[in-house]
Amino acid sequence: ELVSAITQVMAGKRVIDSELLLNSLGEQDPLSDKERQALRLAADGQSTSEIASALFIAEGTARNYLSEAINKLSAANRIDAARIARQKGWL
């Protein structure tokens, strides 16, 4: 498979792994707009209170948005969630 892919690339063709293609097509963005906004701000290093202030919401609500995003993405923390969302093109 590798030799075939290299040969195709050398011939100017594009090679896309079918398994990767299927995985990327089947994955939907599970985040709400508010969760996405909170993750963007968290990725910029803002604290929960700064996120709450920027989004005009209560601090507890900001924590809830971040917590939901972390759970939906099976992330370890808010930074990990933001990294995962960015890698998938959702941020």
If you count only protein heavy atoms with a 1.4 Å probe, what accessible area per residue comes out for the chain, rounded to a whole Å²? 69 Å²
What's the extension gain from K72 to I57 if we count 0.36 nm per residue and subtract their Cα-Cα distance? 3.3 nm
Counting alpha carbon pairs within less than 8 Å and at least 6 residues apart, what relative contact order, in whole percent, applies to the chain? 24 percent
Here FRET efficiency (C-beta to C-beta, E27 to S47, R₀ 22 Å, nearest 0.05) is 0.15
Quickly estimate the mean residue ellipticity at 222 nm for the chain, helices only: each DSSP H run with n ≥ 4 gives -39500 (n - 2.57), and the total goes over all residues, rounded to 500. -20000 deg cm²/dmol
Point-charge dipole on Cβ atoms (K/R +1, D/E -1) for the chain, about Cα centre, debye to 20: 160 debye
Where does the longest stretch of the chain lie that holds no GluC sites (Glu not before Pro) found in a DSSP loop with 12 or fewer other Cβ atoms within 10 Å? 28-91
Give the lysines whose C-alpha is closer than 17 Å to that of K88, dropping any in the same chain fewer than 8 places away, or say none. K72
Write out the trypsin sites (Lys or Arg not before Pro) in region 20-91 meeting two conditions: DSSP loop, and at most 16 other Cβ atoms within 10 Å of their Cβ. K88
Calculate the FRET efficiency for E1 and R40 from the Cβ-Cβ distance with a Förster distance of 41 Å, rounded to the nearest 0.05. 0.60
Gyration tensor (Cα only) of the chain to equivalent ellipsoid, semi-axes in Å sorted down, yields 38, 12, 10
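The values are calculated or read from the model by the stated rules, or taken from the named source; none is laboratory data. The structure presented is a predicted model; accordingly, all values stated were derived computationally and were not measured. All Cβ positions, glycine included, derive from the backbone under ideal geometry; neighbour counts span all protein chains shown. SASA here: full protein model, heavy atoms, side chains in, ligands and nucleic acids out. Shrake-Rupley method; radii C 1.70, N 1.55, O 1.52, S 1.80 Å.
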